[in-house]
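Written below as structure tokens is the structure these notes are about.
Since every read-out is calculated from the coordinates, none of them should be taken as a lab result. Since this is a predicted model, take the numbers as computed values, not measurements. No Cβ is skipped: glycine too gets one built from the backbone with ideal geometry, and neighbour counts run over all protein chains shown.
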Amino acid sequence: MPRARTSRRGCSVASSATANEATGFRIDGSDRIVTLADGSELAARAVVLAMGVAYRRLGIETLEALSGAGVFYGAAVTEDEAMTDERVFVVGGGNSAGQAAVHLARFAQHVTLLVRGPSLADSMSDYLSRDWATRRTSTSATEPRWSTATATHGWSS
């Protein structure tokens with residue numbers, strides 16, 4: 001978000017010409033205090049940690065060759081229209097997979113959620129499990145495949 005817009009919304013962006021690593025965090029009354037490597041401190045009512053995400057890769061060489069060209073780690077909004085009327089497989093049973101499957105179901109012809117375990121109960125938030133179940137009963141365009149694993153796990157059913 002551009003600085004002018006963040007300022008209008010009461011936000012500020014802390015940056016410097018050189019990296020200054022966060023080394024500590026504490027609460028002081030209603031303030032959240034972040035201590036930096038140079039000893040300086042930043043105080044705020046809220047601290048947002050936006051450090052990026054690292055997806056576990058499957059380690060299948062032929063799959064990695066297609067990364068970004070039909071195989072994606074994460075379901076970005078930039079990919080949704082490209083999935084219109086396509087058959088999509090989402091690998092995983094946690095919240096990220098559930099959010100991707102629910103989102104892509106609005107565009108894809110069919111979404112299959114490949115889940116290692118026998119259900120979503122232990123790995124996905126209730127709201128996503130319910131949303132996924134509702135979509136499954138209201139349309140034939142989504143389906144789960146339980147107890148499924150990638151070739152790197154050595155089994156599939």
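Please compute the length gained on full extension between residue 84 and residue 134, using 0.36 nm multiplied by the number of residues separating them and subtracting their Cα-Cα distance.
Once the chain is fully extended between residue 84 and residue 134, it gains 15.9 nm.
Taking amide H atoms as placed 1.01 Å from N in the peptide plane, list the residues 5 or more away in sequence, or in a different chain, whose amide H sits under 5 Å from that of residue 148.
Amide H neighbours of residue 148, under 5 Å, 5+ apart: 115, 116, 117.
Using the Karplus curve 6.51 cos²θ - 1.76 cosθ + 1.60 with θ = phi - 60°, what ³J(HN,Hα) values do you get for each residue of the range 31-42, in whole Hz, with x for Gly and Pro?
8, 9, 10, 9, 9, 9, 4, 7, x, 6, 10, 10
Considering amide H positions built from the backbone, and no H for Pro or chain starts, which residues 5 or more places from residue 123, or on another chain, come under 5 Å of its amide H?
none
For 148, 142, 84, what ranking results if the residue with the fewest other Cβ atoms within 10 Å of its Cβ goes first?
84, 148, 142
Amide H of residue 89: which non-local residues (sequence gap of 5 or more, or other chain) have their own amide H closer than 5 Å, using H built in the peptide plane?
112
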